[in-house]
Amino acid sequence: MSFDAQREKIKEICKDLLEKGLVETVIGYAEGGIDGARIPYMFGTPEGAKALCWDQRCVVNLCTYAYEKRDRKTGVVAKPCDVRGIVNYIAENQLNRENVYIIGVDCDGMVGADGEKLPWCAECSVKKPPVYDVKVENPDITDGESAKKEEPSSMPGDFAKFQTEISKCILCYSCRQACCGCYCPVCFMDRGVPNWQPAEPGQGAKMMYHLGRASHLAGRCVECGACERVCASGVDVRYIIKEATKFIEDVYGFRAGFDTETEPVMAAYDPGDREIGFLGGEKHE
Amino acid sequence: MKKPVMVVGGGIAGIQAAADLAEMGIPVFLLESSPSIGGRMAQLDKTFPTNDCSACILAPKVTDCYNHPLVKTFTLSDLEEVRGEAPNFTAVVRKRPRYIDEEKCTGCGDCSSVCPVSVKSEFDMGIGKRKAVYKPYAQAVPNKAVIDNSACRHCKLCEKACRSKAVCYDQEEEVFEIPVSAVVLAPGYDVSSEIPAELGYSKYADVVTSLEYERILSASGPFAGHVQRPSDGKPPKRLAFIQCVGSRDHQCSADYCSAVCCMYAVKEAEITKEHLPEAEGVDIYYMDMRAYGKDFDKYVDSAKAKYGINFIRSRVAETDRDEATGNILLKHADTGGNVHKSEYDMVVLSVGIVPKEENIKLCSRLKVKTDRYGFIWTGEMSAPESSREGIMACGAATGPKDIPETVIEASAAAAAAAKAASKTEVDLFKSYPAFFTEEPMAQVRDVSKEPIRAGVFVCSCGVNIGGYLSVGEVVEYAKSLPFVTFAGEGLYTCSVDFQTVIIDKIKEYGLNRIVVASCTPRTHEPLFQGVLQKAGLNPYLLTMANIRDQCSWVHMEDANAATFKAKELVRMAVGKAVYAKQLSKKKLDVNKAALVIGGGAAGLSSALELSGMGYSVHIVEKTGELGGNAKSLSATMFGRPVGNYLADFIRDAAEDPNITVHLNSKIKDITGFVGNFTTRIEALGSAGVSTEGSPPAECTTMIEHGVVVVAVGASEKKPDAYLYGKSPNVETQLKFEERLKNGDSCLSGVKDVVMILCAGSRDENNPYCSRVCCNQSIKNAIAIKEYNSDINVTVLYREIRSYGLSETFYRRARQKGVQFVRFEDDEKPVVAQKEGFVQVSAIDPLLSRDVAYRADLLLLASAIEPDREGNKTIAQMLKVPMTQEGFFLEAHVKLRPVDFATEGVYLCGLAHNPKNLRESIVQGKAAAARAGTVISKDFIEAEGAIAAIDMDLCVGCGECERVCAYKAITLEEVQARGKAAKKAVLNDVLCKGCGTCAANCRCGAIDVGGFSDMQVINEIEYLLRGDVEAKQGWEPKIIAFLCNWCSYAGADLAGTGRMQYPPNIRVIRVPCSGRINPAYIIKALAEGADGVMVSGCHPGDCHYLTGNMYARRRFTVLKKLLETAGIDPNRVHFTWVSASEGGRFAEVVKEVTDKVGKLGQVRADGQLSPPAGES
């Protein structure tokens, strides 16, 4: 099924939802972004469905808008990564399952302005929505193998790379704003007491932020790529979290965003948990 | 206040009884004949079946008991006489001289180091040595020296060495006459010395007893935990355990079973394998494997499967020594009758428990009955009461038993003593001025609006600190620190006169933050907090810097480094003190009623005890009758008719004005928490009668109460094998007993009886031992033989678990001609129906052939099974956990067998685990005592240093609720910013302050008083942004996060043992490794720490139950993150160090310092230096 066919199906579904009053608002994609990227489009009447679009330029993640509209019944056109983001919100008590109508769309990845597949989409193996109220399928798309199996589960730590990446960072916090996992009322970096800012406002602060955020996202990242997409300075924001995500899948058998009922991996334990990297424990592979 | 109770014996039984009584508001005199409380448990390395470190689980109980304001401890004391009658006893106590002034002694050890006399250490069972002036062991409580006058040469070197002037040669014996309301005897046990000569104990150095081996295994023992042979110090490759030495032996005085040796041998075998993974063989020679307790069978199975320990069913005839190898040869026969000689490097004899000689003398003086072995007699149905009214007895002094049984009996004894005391009234301070003095309450000053004025007091501790670093320099340095208004030094800051100095300075300078740089807060924090209170300051404004156990004692060779480190530790402490808050303990009213769920023997026992202590009780029973399973029992093992006792209990409960019985009633729901429960009960019909034809009327009752006792019992499983239900000749032991009780002529015409044991237990469906069946079958077999000795009785068994004193009945049965034939676990007997009888075929292990037994009556010992569904409903209502087998899971299998982790809820009877009638009754009383510690109070106080949740920052994600082991956090609908939202709500009273919730909270909504985020950050920042003048050259600076209960204690132990290690770590104390937010570690690195080290309790040993489990995952993931970022893995280290691993702590510090040192310095501009080898 081509993008066109999927798009028509999406329009039909959304129109229907609003006509029947099953939702108050629908969030989807429409034209009008920079470089031909589609923008988020929210509407409340069946006629509004006409302006919906669906193609390879639907790069924005709509799950964060579902969170914004969490107090009303909302329908969301959701790529699999968006579905995972919404499942995460539900699992963390931020969204009610009954309040969101998930229109899960099969997706083989989005492209940038240059027509090249976006890096996070190229690595993605979750092409079918894991949870949905209605599916918009594309029979040509099949779930890929998890990236973990292609690359080794751990790459040797590269301090120079870390230093280079964070030296580009200007601490604009766009990545935090775009991330569906970051919704704390006051981010730890913005707190006065306790004050996490290190003495050195440059590299030290950036290290605190990126590693601290990574530890908050461990086991929760849904690999949507929004962080890297919005970065103003071209920092490779994803790579440390990506390694941690693969590690957590490898060691604890857990992936975020697939099941609304599951125990979050970092708020659980198994008496037989491995002690990789501990003094006298297992070594990292 | 009630008249005090006297507890004799400072082992785990005495400590438990004393603590329970004190918590019920009843003052206690605790007598201990040795210089330290702690008893046998302090000598153990680990405990079965959890392999917990014994010292780690014992120490908090010992300190709580000793420090309790209502407990007055007399060490080196014996009870001479008890005159009069309860509750107006006069106890005569003889206190032997310590020859050391307890007020002045600081436990520094200077005296022992100069003492020239070395003798065998009793604590180390003669394997290690001690001096004539000595501390019994490093963690002794009280932590004071004592002089052994018989060994002392009176050279007076210790007197000269003691800077506190604590040595007092002219101390004399004292005799006290103390009025008490009741006496609890818990004087403990000895291990058997009646070892058969042929086992070579006195001949061969490498044949040791189990308690000697326990000391060899122990990290604080004579070999520092290195398993080695006494003869040549080499580690053994092959080790054998010989069971039943001095037990189950008619050649010696102890023909009973010592109840614990099977399990402790398996434990010692497992620990051996852990210490020596390369050991070639660890074999246990046994007759029956008595794994009858909760999780015991699982433990033995794991020993076989996971540890590869061999279990050889054989009684060892003798040992011999191979002259060539020096090894020990064991001569034994296997089950086929063939004789072998097996070679071992070392042999451990599992010696039994015997009564102490002193106990027999004590009982004679007290006119308390002992049994024929010398154990203190307690009534079977009236335990723990002794033969003399007002005197209770508990623990191994009344018969061999393990630690959980001991703790249960001790709590039961506390309940019984509390009942006696409940009728008394005294003015404690007027009537006992020599022992209890009233502390005048000082007016508390609110410092919250004051500018911070910190006072720093640096202790010299005699020469223990002052002799190894410059105290004067540290004081001068402290004066230069921000917020410090006053800094001074003292020779002994904990001494009574210096405490006055501290109070004076507080008043003079208006100090509102106090830093004491001295020894370890683990011993002295309560003391200095008390000083602050006397000066009118909130006690939580105190911060301590450990510059002795973790500084001067471990850096004795480098005064410069030690001084430098002390300055930095003081700086850190000032930083922490800046954010100290005036924490308060929230108070909650307590409803003094109790709810007992279940009207069987355990529930009745509990209710009657609670009522006896003066509380009102509701019993909720789902059937129309009280009595439960006991209704089916005919007689106890000792021949007492159960029916009579049960009828008495039921009548007492029905007539008791304090007790309300709700029959035919179900619990609909229970809400609330400790002190404040509300329960809705629904009853069918009225007074248990349902009217014919009409639907049963339901009536609802609401009960408000403060505590819940879960006594819901269990029931007999109907067997699904051996033709049960299909043959008229087959029935269960319980049914048979019921018929015997009802006078049913079930034995007329019967010629052959066969009994099959384990008929439904210890298999895939019920993989546990039902504990009562062996004894019950033996009892029934004896009854059959006494009815008609011509009836053939054959018992087919897997093990005979007639544990403890009931072993004698096993012998009696055999003497009466009962045949006992073993069958293998996987070769179960086969039953075939014949004309009028059944044929039971079983493979006889000696003949290796099938043998057929004719049975007119086949009795099956069926399993005790919990009501899984019913239990689950109760468990969910009360928020308590269940075991895999479907019973309830107590807070701690060893030391809290009657409590749940959730406060205010208690457990007894079959709902806990299979047990016999006596054990159920005793556990019911224990539950009453534990419940009494709550409802005796007018209000309960929360801890001071607990968590607090900021509603504005909380998003209601629920992670904190998941990780709280005490169920102190629930997500509830609250009003926040004008809207209703679900947020985390903390129940202050349930919170223990571990901080696991805070470390998991990404939004930073939770913080912990006394160990707040800002305090930790300040400790890091004050250290790393400090301007302490460094010595020449760079030295790694490593921040070490240590959990208070295990790792910090292990670090202190390294100090008391003077184990030297590099001076590069700076410790930040946290309540639990679960408290450690990954952000702390990242912050430390970002601030320029060269390395970070984190250590907590070993998984499974966490003081807060599960904090370290969550920490373990957090740290594993953080390690991965840091490594991906290219931060050298050798900068950050995670490990587990227990409270008894002083040596290991020193080794870990050396290893970490070494690794970090090789990496070089972190650069001052916040850039982490590249890994070694790169530029």
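The values are calculated or read from the model by the stated rules, or taken from the named source; none is laboratory data. These numbers come from a predicted model, not from an experiment. Counting neighbours? That spans all protein chains shown, and the Cβs are built from the backbone with ideal geometry, glycine included. These area figures cover heavy atoms from the full protein model, side chains too; ligands, DNA and RNA do not enter into them. Shrake-Rupley method; radii C 1.70, N 1.55, O 1.52, S 1.80 Å.
Within the option set B:150, B:118, B:192, being open to solvent by 20 Å² or more (accessible area, probe 1.4 Å) and within 30 Å of residue B:326 (Cβ to Cβ) holds for one residue only, B:118. You will find that of B:55, B:13, the residue that is hydrophobic (A, V, I, L, M, F, W, C) and touching a Cys at 6+ places or on another chain (Cβ under 9 Å) is B:13 and no other. For residue B:709, the criteria (1) open to solvent by 10 Å² or more (accessible area, probe 1.4 Å); (2) modelled with pLDDT of 95 or more hold in every case but one, which is (1).
Each row is one residue, and each column tells you yes or no for (1) under 25 Å from residue B:295 (Cα atoms); (2) surrounded by fewer than 22 Cβ atoms within 10 Å (Cβ to Cβ).
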| position | (1), (2) |
| --- | --- |
| B:718 | yes, yes |
| B:733 | yes, no |
| B:750 | no, yes |
| B:783 | no, yes |
| B:786 | no, yes |
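Taken over the range B:593-631, the criterion of being among the small types (Gly, Ala, Ser) and open to solvent by 20 Å² or more (accessible area, probe 1.4 Å) is satisfied by B:612, B:614, B:616, B:624, B:628. Of all the listed residues (B:1132, B:1148), the sole one being facing another protein chain (nearest Cβ under 7 Å) and buried (at least 24 other Cβ atoms within 10 Å of the Cβ) is B:1148. Hey, could you check the range B:66-108 for residues that are touching a residue at least 60 places away in the same chain (Cβ under 8 Å) and among the β-branched types (Val, Ile, Thr) and say which is surrounded by the fewest Cβ atoms within 10 Å (Cβ to Cβ)? It comes out as B:90. Going residue by residue through the range B:374-396, is there one that turns out to be under 28 Å from the mean Cα position of the chain (by Cα), under 20 Å from residue B:896 (Cα atoms), aliphatic (A, V, I, L, M) and in a helix (DSSP H, G or I)? Checked against the condition, which is being under 28 Å from the mean Cα position of the chain (by Cα), under 20 Å from residue B:896 (Cα atoms), aliphatic (A, V, I, L, M) and in a helix (DSSP H, G or I), the range B:374-396 yields at least one hit. Listed by position, the strands (runs of 3 or more DSSP E) contained in the range B:958-1070 that have at least 1 residues being more than 14 Å from chain A (Cβ to nearest Cβ) and under 24 Å from residue B:1139 (Cα atoms) are B:1038-1043, B:1065-1070.
When the residues of the range B:1092-1129 are narrowed to those that are in a helix (DSSP H, G or I) and more than 29 Å from residue A:161 (Cα to Cα), which ends up nearest to the other protein chains (Cβ to nearest Cβ)? In this case the residue turns out to be B:1109.
Of all residues in the range B:634-686 being assigned to a strand (DSSP E or B), closer than 30 Å to residue B:937 by Cβ and of a type in the set (Gly, Ala, Ser), which is most open to solvent (accessible area, probe 1.4 Å)? By that ranking, first place goes to B:672.
Conditions (1) without any contact (Cβ under 8 Å) to a residue 24 or more places away in the chain; (2) within 18 Å of residue B:929 (Cβ to Cβ), marked per residue:
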| position | (1), (2) |
| --- | --- |
| B:397 | no, no |
| B:410 | no, yes |
| B:420 | no, yes |
| B:425 | no, no |
| B:428 | no, no |
| B:438 | yes, no |
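Out of all the residues in the range A:192-200, is one or more open to solvent by less than 20 Å² (accessible area, probe 1.4 Å), closer than 22 Å to residue A:164 by Cα and out of contact with any Asp or Glu (no Cβ under 8 Å at 6 or more places or on another chain)? No: zero hits. Taken over the range A:255-266, the criterion of being of a type in the set (A, V, I, L, M) and facing chain B (nearest Cβ under 8 Å) is satisfied by A:265, A:266. The single condition from (1) modelled with pLDDT under 95; (2) surrounded by fewer than 18 Cβ atoms within 10 Å (Cβ to Cβ) that residue B:704 fails is (1). Just one of the numbered conditions (1) closer than 30 Å to residue A:83 by Cβ; (2) surrounded by fewer than 20 Cβ atoms within 10 Å (Cβ to Cβ); (3) more than 9 Å from chain B (Cβ to nearest Cβ) is not true of residue A:171: (1). Within the range B:959-983, the set of residues being under 13 Å from residue B:996 (Cα atoms) and open to solvent by less than 60 Å² (accessible area, probe 1.4 Å) comprises B:959, B:960, B:963, B:964, B:965, B:966, B:968, B:969. Summed over the range B:472-507, the residues that are touching a residue at least 60 places away in the same chain (Cβ under 8 Å) and either under 38 Å from the mean Cα position of the chain (by Cα) or assigned to a helix (DSSP H, G or I) (or both) give a count of 9. With a requirement of 2 or more residues that are within 28 Å of residue A:14 (Cβ to Cβ) and modelled with pLDDT of 90 or more, the helices (runs of 4 or more DSSP H) lying completely within the range A:97-177 that satisfy it span A:119-122.
Across the range A:64-91, the number of residues qualifying as among the charged types (D, E, K, R), at pLDDT 95 or above and touching an Asp or Glu at 6+ places or on another chain (Cβ under 8 Å) comes to 2.
Could you please let me know if residue A:277 is over 30 Å from residue A:127 (Cβ atoms), buried (at least 17 other Cβ atoms within 10 Å of the Cβ) and either facing chain B (nearest Cβ under 7 Å) or touching a residue at least 12 places away in the same chain (Cβ under 8 Å) (or both)? Yes; evaluated as a whole, the condition is true for this residue. Residues in the range B:514-570 that are open to solvent by less than 10 Å² (accessible area, probe 1.4 Å), in a helix (DSSP H, G or I) and without any contact (Cβ under 8 Å) to a residue 40 or more places away in the chain: 3 in all. The single residue among A:269, A:209, A:252 that is within 9 Å of chain B (Cβ to nearest Cβ) and under 22 Å from the mean Cα position of the chain (by Cα) turns out to be A:252.
Within the range A:225-245, not a single residue is open to solvent by less than 20 Å² (accessible area, probe 1.4 Å), assigned to a loop (DSSP other than H, G, I, E, B) and within 12 Å of another protein chain (Cβ to nearest Cβ). When you look at residue A:185, is it buried (at least 21 other Cβ atoms within 10 Å of the Cβ), more than 18 Å from the chain's Cα centre (by Cα) and not in a helix (DSSP H, G or I), yes or no? So residue A:185 fails the test. So the check is Cβ under 6 Å with 6+ separation or different chains; which pairs have a first residue in the range B:1025-1038 that's open to solvent by 30 Å² or more (accessible area, probe 1.4 Å) and a second one that's modelled with pLDDT under 90? From residues that are open to solvent by 30 Å² or more (accessible area, probe 1.4 Å), the pairs are B:1025/A:199; B:1034/B:1161.
Within the range A:94-105, the set of residues being of a type outside the set (Val, Ile, Thr) and either touching a Lys or Arg at 6+ places or on another chain (Cβ under 6 Å) or open to solvent by less than 10 Å² (accessible area, probe 1.4 Å) (or both) comprises A:95, A:99, A:104. Here the range B:822-838 is the region considered, the condition is being closer than 24 Å to residue B:749 by Cβ and not in a loop (DSSP other than H, G, I, E, B), and the residue that is most open to solvent (accessible area, probe 1.4 Å) is B:833.
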